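Undergrad: I have a structure I would like to understand better, so I am pasting it below and will then ask my questions one at a time.
Where a number appears in this text, it was derived from the coordinates with a stated rule and is not lab data. Small disclaimer: the values here were computed from a predicted structure and weren't measured. All Cβ positions, glycine included, derive from the backbone under ideal geometry; neighbour counts span all protein chains shown.
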Number of protein chains: 2
Amino acid sequence: MREHRANPPSERSDRPRHEAVRGASEKGERGVSTVGIKDVAQRAGVSPGTVSNVLNRPERVAATTRARVQQAIRELGFVRNGSAATLRAGQSRAIGLVVLDVGNPFFVEVARGVEDVVSDRDHAVILCNSGESPGREARNLRVLAEQRVRGVLITPADEDLSHLEDLRERGIAVVLVDHSAAGDVCSVSVDDVAGGDLAVTHLLDRGAERLAYVTGPLGIRQCAERRKGARRALRTAGLPARVLEDVVVPEMNAGGGALAAEKLLAGGLPDAIFCANDLLALGVLRALAQAGVRVPDDVALIGYDDIEFSSAAAVPLSSIRQPTYQLGKIATELLLEECDDPSGHAHQQIMFHPELVIRESSR
Amino acid sequence: MREHRANPPSERSDRPRHEAVRGASEKGERGVSTVGIKDVAQRAGVSPGTVSNVLNRPERVAATTRARVQQAIRELGFVRNGSAATLRAGQSRAIGLVVLDVGNPFFVEVARGVEDVVSDRDHAVILCNSGESPGREARNLRVLAEQRVRGVLITPADEDLSHLEDLRERGIAVVLVDHSAAGDVCSVSVDDVAGGDLAVTHLLDRGAERLAYVTGPLGIRQCAERRKGARRALRTAGLPARVLEDVVVPEMNAGGGALAAEKLLAGGLPDAIFCANDLLALGVLRALAQAGVRVPDDVALIGYDDIEFSSAAAVPLSSIRQPTYQLGKIATELLLEECDDPSGHAHQQIMFHPELVIRESSR
DNA sequence: CGGCAGTATTAAAACGTGTCAACAGGTTCG
DNA sequence: CGAACCTGTTGACACGTTTTAATACTGCCG
């Protein structure tokens with residue numbers, strides 16, 4: 001097992017590849033030489049083309065031949081070289097999924113929906129994390145383009161969708177996830193304005209008079225839309241926008257929530273806090289508890305996404321529930337449909353409706 | 001934008017590819033034809049080899065030439081075809097990471113460690129989820145082998161490591177994560193026996209006399225080792241093994257925890273419960289609370305992993321903390337070291353020590 | 001002015017698969 | 001009995017990049 005193939009092996013012209021493979025039937029002595037479709041063909045006594053057919057259109061080859069080839073594949077331990085296949089085909093059997101935060105259970109659930117659909121069609125999914133940074137997002141997209149993925153599911157980190165347009169010009173289908181868009185692209189989303197409205201209306205019903213909205217950067221569409229919904233709720237109730245204070249933090253996780261809570265504690269607490277996601281809310285909750293503030297008695301709190309942990313929190317968290325798994329599932333179906341028939345495909349914008357879940361934190 | 005390249009286009013022999021690309025300088029009209037290294041070369045007035053050099057060893061080409069090539073790349077919107085590069089090189093610039101559960105914050109944290117190291121060396125990481133199923137694990141490994149990844153980081157779903165041996169015979173390096181192993185492979189793990197001991201010793205110190213161990217399948221090494229540690233703690237305290245009842249559930253998540261709690265409620269509650277991970281513990285906690293059982297007054301509870309949510313739980317959860325991020329980081333460094341110099345590489349087994357974190361749930 | 005030591009660039013040969021036109025052998029039909 | 005057809009199989013080529021050995025160019029010294 002020497003010399004696994006260091007980077008520049010330089011001279012390796014005269015290795016007797018076939019013999020090495022054939023002679024290694026005792027296994028363990030095989031060495032690192034890869035066995036290719038040709039080796040299989042030789043072993044099975046057919047041409048490489050037939051082996052390729054067995055792999056890709058098994059129905060076109062006679063049952064007995066097929067069996068012989070498959071046995072040769074097993075005996076030699078052949079695994080198809082995906083790069084060569086992709087190169088030849090012009091497309092890989094993979095799609096990309098670019099999310100804002102893999103640490104967020106919301107996206108993990110979306111990913112489950114994606115994977116379930118994709119693996120049925122034996123494709124693979126390449127999961128990328130943009131961390132809400134447009135820079136990382138761009139790098140991820142470049143990698144996906146290099147890999148020649150069939151399509152990309154993405155929750156964009158900002159409103160600039162020009163990178164996506166570039167992808168589509170290259171023939172890579174794109175579906176927006178949790179982000180609605182103008183017209184000429186598929187998208188699957190949840191009505192965030194309605195969600196924001198739902199949350200704040202609930203807090204107002206409960207008697208809140210001074211509110212805070214804890215959020216990530218407003219460049220992120222979800223954050224901006226939920227804010228819009230929140231303000232709509234105020235208008236409906238006949239209240240001025242100034243009763244809702246924005247608290248913007250750079251990261252939408254528990255750390256960001258803690259930071260927001262510090263700011264609020266320093267500046268005077270409101271009656272009620274609406275957080276742009278549950279991670280923020282959990283961070284706020286913990287920081288408030290440490291400061292001796294009682295939820296919901298001193299401050300009511302509501303989050304967004306209804307992740308699993310919310311119901312198990314110190315104070316079970318009210319939240320806005322979204323059909324998360326469905327989001328991933330439908331988006332993937334749309335994407336694959338577009339991949340399979342790009343010309344006959346009509347772009348769709350699908351929008352789900354969110355749902356209010358009331359728990360202890362705002363009771 | 002018609003006909004993106006449907007599956008069997010059948011006749012497309014005489015398309016004038018070059019012209020199509022060159023003529024599309026107004027962009028938007030470009031069509032789907034891909035621009036390759038040759039197009040760039042032609043545009044910049046150099047040979048394809050030079051373009052390749054600009055991409056891979058910029059220092060070998062004169063500054064003025066380099067600039068011209070880079071401009072051509074921009075103008076044409078060229079992105080390198082990763083498959084072709086991989087095919088030629090025999091290896092892709094990617095490593096695989098196979099985890100038991102992407103939904104588990106423990107593995108998400110490991111993944112962060114991996115990604116931070118890997119992106120410094122501008123490689124990519126392909127994240128796969130085995131869902132604790134050996135079958136899915138095997139499929140994932142096959143995909144990774146097809147992609148010709150440089151190496152694989154894996155938390156095996158069972159004790160059968162033969163698939164990994166196959167990979168290594170193909171020249172794909174393997175490092176075990178959170179799993180220690182015999183001798184001829186690198187591994188990075190945490191002493192699970194010590195962790196189990198720590199947890200149960202703590203519960204015994206607190207006065208527990210009848211215990212339960214809530215765990216996933218004992219085929220998973222972590223579960224088995226933690227159990228071993230738990231029993232060692234009993235022996236040390238001079239107690240018989242039968243005071244610790246095993247409650248095995250199929251999935252190590254909150255749902256599994258709830259299931260375990262039902263069983264315990266039906267069969268008579270113990271004094272103290274040790275869960276093989278925090279997700280299970282959170283599930284147990286919630287189910288107990290619903291049944292009106294108070295933690296820690298009626299039952300003490302301790303989890304494992306110390307994920308972020310544990311401290312924010314309804315009853316803040318005691319747990320066993322592991323250096324999770326480090327686990328991913330060190331494992332990746334080991335893997336890349338082995339990839340870079342397979343012959344001069346000595347396999348190492350690194351083992352960290354876990355730490356007891358006491359919170360409300362066992363106070 | 002010839003030759004020399006660099007440096008910059010090129011041409012051509014791989015890498016392993018998928019595709020497609022062509023063909024062999026067999027069967028059915030007129 | 002030959003023609004038309006069908007099924008299985010074949011060979012050769014193309015996919016886009018990297019790499020290596022060879023070649024062109026540039027000053028520079030003898």
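Undergrad: Given charges of +1 on the Cβ of Lys and Arg and -1 on the Cβ of Asp and Glu, with all other atoms neutral, how large is the dipole of the protein assembly as shown about its Cα centre, in debye to the nearest 20?
TA: 2320
Undergrad: Considering only the label points, 7 Å along Cα→Cβ from Cα, what distances in nm to one decimal separate A:THR236 from the same position in each other copy, shortest first?
TA: In ascending order, 5.9 nm.
Undergrad: Separate question: Take peptide A:279-291, look around each residue's Cβ out to 10 angstrom, count Cβ atoms belonging to other protein chains, and average those counts.
TA: 1
Undergrad: Which of the trypsin sites (Lys or Arg not before Pro) found in the range B:294-332 are in a DSSP loop and have at most 16 neighbouring Cβ atoms, other than their own, within 10 Å?
TA: B:ARG294
Undergrad: Quick check on chain A: of the DSSP beta bridges with both residues there, what percent are antiparallel, nearest 5%?
TA: If we restrict to bridges inside chain A, about 10 percent are antiparallel.
Undergrad: Quickly estimate the mean residue ellipticity at 222 nm for chain A, helices only: each DSSP H run with n ≥ 4 gives -39500 (n - 2.57), and the total goes over all residues, rounded to 500.
TA: Result for chain A: -13500 deg cm²/dmol, rounded to the nearest 500.
Undergrad: For a protection proxy built on the mean count of beta-carbon atoms within 10 angstrom, sort B:169-177, B:246-254 highest first, please.
TA: So the order, starting with the most tightly packed, is B:169-177, B:246-254.
Undergrad: I'd like the mean, over residues of A:312-318, of how many other protein chain beta carbons sit within 10 Å of each residue's own Cβ.
TA: Mean number of neighbouring Cβ atoms from other chains: 5.
Undergrad: Oh, and also: Show the residues, 5+ positions off or on another chain, whose built amide H is closer than 5 Å to the amide H of A:VAL299.
TA: A:ARG294
Undergrad: In whole Hz and in residue order, list the ³J(HN,Hα) couplings for the range A:170-185 that follow from phi through the Karplus curve 6.51 cos²θ - 1.76 cosθ + 1.60, θ = phi - 60°; x for Gly and Pro.
TA: 8, x, 9, 5, 9, 10, 7, 10, 6, 6, 8, 8, 3, x, 9, 8
Undergrad: Taking the Cα centre of chain A as the origin, how large is its charge dipole in debye, to the nearest 20, when only Lys and Arg (+1) and Asp and Glu (-1) carry charge on their Cβ atoms?
TA: 1520
Undergrad: Taking all pairs of distinct Cα atoms, average 1/r, flip it, and tell me the Kirkwood hydrodynamic radius of the protein assembly as shown in Å to one decimal place.
TA: Computed over Cα pairs of the protein assembly as shown, the Kirkwood hydrodynamic radius comes out at 28.1 Å.
Undergrad: Under a 5 Å amide H to amide H cut-off, with H placed in plane at 1.01 Å, what residues pair with A:VAL174 once short-range neighbours are removed?
TA: When sequence neighbours closer than 5 places are left aside, the close amide H contacts are A:VAL152.
Undergrad: Answer with one residue from B:THR86, B:PRO134, B:ASN104: the one whose Cα lies farthest towards the positive end of the charge dipole of the range B:83-177, charges on Cβ with Lys, Arg +1 and Asp, Glu -1.
TA: B:THR86
Undergrad: Let me ask something additional. Please list, in order along the range A:71-81, the HN-Hα scalar couplings obtained from phi with the Karplus expression 6.51 cos²θ - 1.76 cosθ + 1.60 (θ = phi - 60°), rounded to whole Hz, x for Gly and Pro.
TA: For the range A:71-81, the Karplus-derived couplings read 5, 4, 4, 5, 4, 8, x, 6, 10, 4, 7 Hz, x marking Gly and Pro.
Undergrad: Using amide H atoms built in the peptide plane, which far-off residues or other-chain residues are under 5 Å from A:ALA94 H to H?
TA: Result for A:ALA94 returns A:ALA124, A:ARG150.
Undergrad: Could you work out the mean count of beta carbons from other protein chains within 10 Å of each residue's beta carbon in A:75-87?
TA: If you average over the peptide's residues, the count of other-chain Cβ atoms is 6.
Undergrad: If you put +1 on each Lys and Arg Cβ and -1 on each Asp and Glu Cβ, how big is the dipole of the range B:155-223 around its Cα centre, in Debye rounded to 20?
TA: That gives the range B:155-223 a dipole magnitude of about 220 debye.
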